[in-house]
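Everything on this sheet refers to the single structure shown next.
The values are calculated or read from the model by the stated rules, or taken from the named source; none is laboratory data. Here the structure is a predicted model, which is why all the values come from computation and not from measurement. FYI the Cβ positions are ideal-geometry reconstructions off the backbone, even for glycines, and counts take in every protein chain you see. When the accessible area is computed, the model is the full protein with side chains, heavy atoms only, and any ligands, DNA or RNA have been set aside. Shrake-Rupley method; radii C 1.70, N 1.55, O 1.52, S 1.80 Å.
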Amino acid sequence: MLDDDCIFCKIIKGDIPSYTVYEDDVVKAFLDISQGTPGHTLVIPKTHVPDIFAYDETLAEQVFARIPKIARAVRASNPAITGMNIVNNNGTVAYQSVFHSHFHLVPRYTDDDDFKMIFKDNSDNYDDAQYQKLQAAIKANMEA
Ligand code: 5GP
Ligand code: ZN
């Protein structure tokens with residue numbers, strides 16, 4: 001269930017202190033040490049799963065079900081919060097640095113605060129055949 005070498009498992013066990021804002025039998029939510037924006041909070045399952053690909057449906061239901069109420073509490077904690085990005089990085093290339101799955105709740109204040117996400121629009125480079133090829137490849141790999 002927990003991994004002795006994992007920093008977030010150590011936080012779950014209390015071996016490393018954290019500023020916990022919520023916990024129950026399934027998740028722990030605590031302030032991210034980096035505080036990308038004020039109130040930046042991490043939600044982690046209380047079992048060692050490395051990334052989103054390792055979730056089964058039950059764990060996903062349990063963890064995802066808890067995120068909205070934690071997000072609402074973070075938002076309500078400061079009237080200056082006007083939005084929130086919820087980010088889940090999977091793999092080094094996707095900026096994951098701790099390999100115990102976690103969801104970043106990043107409160108947003110202005111369009112010029114300390115958080116940025118860039119989605120390039122590549123739609124000009126895609127025709128119908130290319131979209132269909134991508135669609136088919138993903139559908140062919142969908143679990144029942
Ligand atoms: P990732 O880059 O894997 O998506 O996010 C890992 C996050 O964990 C980073 O934002 C980093 O600031 C945070 N973090 C790493 N070590 C600790 C720690 O010991 N305590 C807390 N509270 N956050 C940590
Ligand atoms: Zn862990």
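Some points to look at:
- Single residue of Asp15, Asp3 found to be away from ligand 1 (no atom under 12 Å from the Cβ), farther than 26 Å from Glu143 by Cα and at pLDDT 95 or above: Asp3
- Selection within region 1-37 - part of a loop (DSSP other than H, G, I, E, B), open to solvent by 70 Å² or more (accessible area, probe 1.4 Å) and in contact with a strand residue (DSSP E or B) (Cβ under 7 Å, 6 or more places away or on another chain): Tyr19
- Within region 101-112, considering residues that are open to solvent by less than 100 Å² (accessible area, probe 1.4 Å) and over 15 Å from the mean Cα position of the chain (by Cα), the one nearest to Arg66 (Cα to Cα): Arg108
- Within region 43-63, considering residues that are in a helix (DSSP H, G or I) and within 16 Å of ligand 2 (Cβ to nearest atom), the one least open to solvent (accessible area, probe 1.4 Å): Val63
- All positions within region 12-51 that are among the β-branched types (Val, Ile, Thr) and over 20 Å from Val87 (Cα atoms): Ile12, Ile16
- Matching residues in region 1-25 - criterion: being aliphatic (A, V, I, L, M) and within 14 Å of ligand 2 (Cβ to nearest atom): Met1, Leu2, Ile7, Ile11, Ile12, Ile16
- Condition met for His40 (open to solvent by less than 50 Å² (accessible area, probe 1.4 Å), touching a residue at least 12 places away in the same chain (Cβ under 8 Å) and touching a helix residue (DSSP H, G or I) at 6+ places or on another chain (Cβ under 6 Å)): no
Per-residue answers, yes or no, for (1) within 16 Å of ligand 1 (Cβ to nearest atom); (2) buried (at least 17 other Cβ atoms within 10 Å of the Cβ); (3) not small (Gly, Ala, Ser):
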| site | (1), (2), (3) |
| --- | --- |
| Ala65 | no, no, no |
| Asn88 | yes, no, yes |
| Phe99 | yes, yes, yes |
| Asp114 | yes, no, yes |
